[in-house]
Every structure is written in structure tokens, then in C-alpha cells.
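J.: Got a structure for you, written out below as C-alpha cells; questions coming shortly.
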Amino acid sequence: MRQFYGIGVAVALGEIPLERIAESDICANYSLYSSVASTSSGVELQNCEIIVLGNSPQSASDYDVSGGSEHQGPPGGGPVAAIASTHSPANTLELR
């Protein structure tokens, strides 16, 4: 199920053309993925919970939404990439 969701996000965001996907690719072709989707197959499957996070120039918040992948460099590279993508000085960031 998780790969269906990830591929769906990738298609919706234009990361993968729909025509490139065959039924036989599901759970078999791991070159098809979304670089921004995070999916799981837990209790949310019973209730179809979807959370979308984003940033807006109009936001008055002191916080940014960011993400990274563990495929970005050395172990721990994902969080480092996520922090760097906020464009905030590292000494001003508060991790929670």
C-alpha cells in the first residue's frame, strides 16, 4: 500500500509521468518514488488520514516546514539537509 501512496504523490507533483508506470512496477520497481512523500501503513489506513504541510510568504509563524532524506549523504544527512533547506542560521534553529 505504501508504494501506491508514494507513487501517487510523485505523479501528482510531476515527479514521475503516469505513462511510465506499469502495474508490474508496484512493489517491484524501486526507482519509482517521490522525493517528498512520507507514507506509512498504520492506523491511518482505517481512517484515511492525510496531512499536508507547507510554507507561505504570508505566514506570521517563526517556524518553517522542511524535509530531508536519509539518502542525502552520510548517516544523519537527512536532518542536516532539512535544517539547511530552511535557510536559517543553524544557531537559531530549535529542534523539537
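Quick note: the coordinates plus some simple rules give every number you see, no bench work behind them. Here the structure is a predicted model, which is why all the values come from computation and not from measurement. With ideal geometry, Cβ positions are generated from the backbone for all residues, glycine too; neighbour counts draw on all protein chains shown.
J.: Suppose R0 equals 22 Å; then what is the FRET efficiency for Asp62 and Ser38 from their Cβ-Cβ distance, rounded to the nearest 0.05?
T.: With R0 = 22 Å, the Cβ-Cβ based efficiency is 0.40.
J.: Something else: Can you work out ³J(HN,Hα) from phi for every residue in the stretch 53-66, in order, using Karplus 6.51 cos²θ - 1.76 cosθ + 1.60 and θ = phi - 60°, giving whole Hz and x for Gly and Pro?
T.: Couplings: 10, x, 10, 9, x, 7, 5, 9, 6, 7, 10, 10, 9, 8 Hz.
J.: Under the Karplus relation 6.51 cos²θ - 1.76 cosθ + 1.60, θ = phi - 60°, what is the ordered set of whole-Hz ³J(HN,Hα) values for the stretch 13-27, x standing for Gly and Pro?
T.: Rounded to whole hertz, the list is 8, x, 6, 9, x, 4, 5, 7, 9, 10, 4, 5, 6, 4, 6.
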